Amino acid sequence: MQKRKKGLLILITIIIILFFINPKAISYLKAKTGSREGDVSIIKEIETTHSSQIIYEKLDNGLIQYLEGILIYYNMDGEQIWNINLGITRPIIKTNSNNVYVIDKNTNQILRINKKGEQIYKSTLDKPYKNFNICDDNYVVLYHHTDSPVQYITIMNEEGNKVGEITLGEGEVTNIAISRTQDRIAVSTIGTNGDTLENNLLVYDLKGNLIGVEGLKNNVILNIFYNEKGDLIAVDEKNIFSIDKNNKVKWETNFNEPIALIDTTGRNYLTMYSEGSSKNSIIYSRTGNKIKTLAYDGKLTGEMAPKEEILGLDNYKNEIIAYSLRTIFKYGKNGNVKFEYPYSSDILKSFALSENNIVVITKEKITFLSFKKI
């Protein structure tokens, strides 16, 4: 009997030790005891239905939700500002700083709705939609799906009128970017030349006139966009490079780790996340995971090392939000850690709505949180 009691005590002691040396357990206790740099308070919680068809996007300082045919806008305090019954099945929704763009693939129409909930236009597309992109000046570029080898790209102005068209004969379009202020559209294409893979970056004006072509050899472009300076930023698997108005490469970075995620919404910087170890290896460690901030002159301005796999990134001015399945991380642009906040449910999305306000979305609810410094 004494030996059994002694063995049980040893087992309990081991469990307690393992619990306290587990980083997740320590983070959980810190969150519950308030041992952090500031307070976290719940402003509002909204219960939602379990559906994979709910769409969430950030709009200015608020949140867009599309649920059962209704487009809803909440402010950062979780108050519903407006709702519109669109009745569209499985729409495609994107936002810029002040507008929501909705594509109805069933009727082949695109809608623009401003931050006040007012419909600016509803335009019918003359060809089936495949992909589209927008800029803050409310110009839209649409890549169309056709059965013929010829591919079409349409340029629309802020009133929903067609102002230009591009016709492509070779290569598959992988990315498109548009800048009204620079009068530029960039199109990334991929194709084959014999046994080799060939990538090209085509640059047009807003009327669809070809301005220049940049050969990218074997680089597979994952993302392209125009920054605030008017330079085109291109991202491949491990590199980021900047191209000026004369189609010359201004700078290029080379990272050893593959770029898993990138957030391009920062005004004067971009945020990228890379995983340092392969999940297919026998021993997988997350110690090599890195979040990096890069200024638009190519200089590294901050580096963070989260202990968990990051699923998404967002920012508000100089505040960066990253989230894993069960933790919210808040960083400064220069890499300083502000919060590591454990969450009780699986996180689907999280957005930074202001310097101190974020929203966390799970299958069960939307939670509006306030992070306040002591």
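The values are calculated or read from the model by the stated rules, or taken from the named source; none is laboratory data. What you see is a predicted model; the values in this text were computed from it and never measured. For neighbour counting, all protein chains shown are included, and Cβ atoms are generated from backbone atoms with ideal geometry for every residue, glycine included. Heads up: the accessible areas ignore ligands, DNA and RNA and are worked out on the full protein's heavy atoms, side chains in. Shrake-Rupley method; radii C 1.70, N 1.55, O 1.52, S 1.80 Å.
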Residue check: is residue 158 surrounded by 14 or more Cβ atoms within 10 Å (Cβ to Cβ), acidic (Asp, Glu), modelled with pLDDT of 90 or more and not in a strand (DSSP E or B)? yes
Out of region 215-243, which residues are closer than 30 Å to residue 161 by Cβ and among the charged types (D, E, K, R)? 228, 229, 231
Among the candidates 181, 192, 146, 167, residue that is open to solvent by 60 Å² or more (accessible area, probe 1.4 Å), in a loop (DSSP other than H, G, I, E, B), on the phi < 0 side of the Ramachandran plot and hydroxyl-bearing (Ser, Thr, Tyr): 181
Residue count, region 121-142 (criterion: open to solvent by 10 Å² or more (accessible area, probe 1.4 Å), under 24 Å from residue 225 (Cα atoms) and out of contact with any Leu (no Cβ under 9 Å at 6 or more places or on another chain)): 6
Pick from region 307-353 the residues that are open to solvent by less than 20 Å² (accessible area, probe 1.4 Å) and assigned to a loop (DSSP other than H, G, I, E, B): which of them is nearest to residue 289 (Cα to Cα)? 310
Out of the strands (runs of 3 or more DSSP E) lying entirely within region 214-259, which hold 3 or more residues that are open to solvent by 30 Å² or more (accessible area, probe 1.4 Å) and farther than 21 Å from residue 141 by Cα? 249-254
State whether the residues of region 66-82 include one that is in contact with an Asp or Glu (Cβ under 7 Å, 6 or more places away or on another chain) and either surrounded by fewer than 15 Cβ atoms within 10 Å (Cβ to Cβ) or at pLDDT 95 or above (or both). no
Selection over region 98-120 where residues are surrounded by 14 or more Cβ atoms within 10 Å (Cβ to Cβ), of a type in the set (Lys, Arg) and modelled with pLDDT of 95 or more yields a count of 2
Go over the candidates 292, 279, 299, 207 one by one and state the one that is modelled with pLDDT under 85, open to solvent by 10 Å² or more (accessible area, probe 1.4 Å), out of contact with any Cys (no Cβ under 6 Å at 6 or more places or on another chain) and not polar (S, T, N, Q). 279
Search region 306-349 for residues being under 13 Å from the mean Cα position of the chain (by Cα) and β-branched (Val, Ile, Thr), and hand back the single one that is nearest to residue 259 (Cα to Cα). 310
Could you tell me how many of the residues in region 87-97 are at pLDDT 95 or above and surrounded by fewer than 16 Cβ atoms within 10 Å (Cβ to Cβ)? 3
Failed criterion for residue 52 (all others in (1) modelled with pLDDT under 95; (2) closer than 23 Å to residue 340 by Cα hold): (2)
